[in-house]
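These notes concern the structure reproduced below.
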Amino acid sequence: MKILIPVKRVIDYNVKIRVKSDQSGVELDNVKMAMNPFDEIAVEEAVRLKEQGKATELVAVTIGPAGAVEQLRTALALGVDRAIHVPADAMIEPLNVAKILAKIVEKENPDLVLLGKQAIDDDANQTGQMLAALLDWPQATFASKIEMNGGDFSVTREIDGGLETLSLTLPAIITTDLRLNTPRYAALPNIMKARQKPIESITPDSLGIALQNRLTVIKVTEPGKRKSGIKVADVAELVRRLKEEAKALS
Ligand code: AMP
């Protein structure tokens, strides 16, 4: 079984996001970038499937600026065999990503595409679903458990108020949720070895894809500032304020 793992370069989740003064987006200059956390979970799951002898080859792919090669190196250090970089603007829309991934799937013929459920920068939660539609493949989103029975996958999904278990035949698309696994850290010798692993560059043009944006960002703003709290003298005042001011009690 060959697994393709699309990974996105995003602002590291520990960084406090700063909105650009012209409200056109968020500051990316001199900001620490990292692999999207849900994609780290996808890489970890793929590596575990290879360690269990269930997967034979793992290929990571990223679509993004030159710096995104760093995230491919991380994937390679974590156990991925080889990687593909498709150079593109940082603000590429999910439909463009899905179309490029569909072409890479045509080229690579993976049995499984394992994506994150969403990228934490734009929170789109669209790429896996769009790719499944473009390929006409079965999909299981928000996976919290993946098991292989013969050639089929059994995927447990986190849904409102419970869990749903689906059976999928390959080829298929699975997107990862937070509780699927805890990703490992790359060990130093593996970081060194990853430098020798191949990264191929494939342009969108050579895949026959013209990148066309359909969305226009009107503005990006910071969340409203929270009002500071107040101290109340006693429970009676708390209840009165909750009733009269916050209207939280009737
Ligand atoms: P999104 O639909 O943008 O929330 O992203 C969902 C998932 O699609 C991510 O977790 C990645 O696995 C994949 N993905 C999104 N954008 C890219 C990209 N530029 N390059 C590679 N994979 C991507």
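Each value in this text was obtained by applying a stated rule to the coordinates, not by laboratory testing. Quantities reported herein were computed from a predicted structural model and do not represent experimental measurements. Cβ coordinates were reconstructed from backbone atoms using ideal geometry, including for glycine residues, and neighbour counts include every protein chain displayed.
Details
- As a summary of the residue check, Glu237 satisfies the conditions (1) more than 16 Å from the ligand (Cβ to nearest atom); (2) of a type in the set (Asp, Glu); (3) not in a helix (DSSP H, G or I) except for the one numbered (3).
- Residue count, the stretch 113-128 (criterion: crowded, with 22+ Cβ neighbours inside 10 Å and not small (Gly, Ala, Ser)): 6
Per-residue answers, yes or no, for (1) surrounded by fewer than 23 Cβ atoms within 10 Å (Cβ to Cβ); (2) away from the ligand (no atom under 13 Å from the Cβ); (3) charged (D, E, K, R); (4) assigned to a loop (DSSP other than H, G, I, E, B):
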position: Asp22; (1), (2), (3), (4): yes, yes, yes, yes
position: Asp29; (1), (2), (3), (4): yes, yes, yes, yes
position: Ala34; (1), (2), (3), (4): yes, no, no, no
position: Asp39; (1), (2), (3), (4): no, no, yes, no
position: Arg48; (1), (2), (3), (4): yes, yes, yes, no
position: Val59; (1), (2), (3), (4): yes, no, no, no
position: Ile63; (1), (2), (3), (4): no, no, no, no
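- Taking the stretch 116-149 as the range and being in contact with a Phe, Trp or Tyr (Cβ under 8 Å, 6 or more places away or on another chain) and either more than 12 Å from the ligand (Cβ to nearest atom) or in a strand (DSSP E or B) (or both) as the test, the residues that pass are Gly116, Ala140, Ile146, Glu147.
- The combined condition, being more than 11 Å from the ligand (Cβ to nearest atom) and aliphatic (A, V, I, L, M), is not fulfilled by Val43.
- Filtered residue count, the stretch 1-20, keeping only those that are in contact with a Lys or Arg (Cβ under 8 Å, 6 or more places away or on another chain) and more than 16 Å from the ligand (Cβ to nearest atom): 3
- The stretch 86-98: number of residues that are surrounded by fewer than 21 Cβ atoms within 10 Å (Cβ to Cβ) and more than 8 Å from the ligand (Cβ to nearest atom): 6
- Members of the stretch 156-185 found to be out of contact with any helix residue (DSSP H, G or I) (no Cβ under 6 Å at 6 or more places or on another chain) and within 16 Å of the ligand (Cβ to nearest atom), listed by number: Arg157, Glu158, Ala172, Ile174, Asp177, Leu178, Arg179
- For the stretch 1-20, filtered to residues that are in contact (Cβ under 8 Å) with a residue 40 or more places away in the chain and of a type outside the set (A, V, I, L, M, F, W, C), the residue that is surrounded by the most Cβ atoms within 10 Å (Cβ to Cβ) is Pro6.
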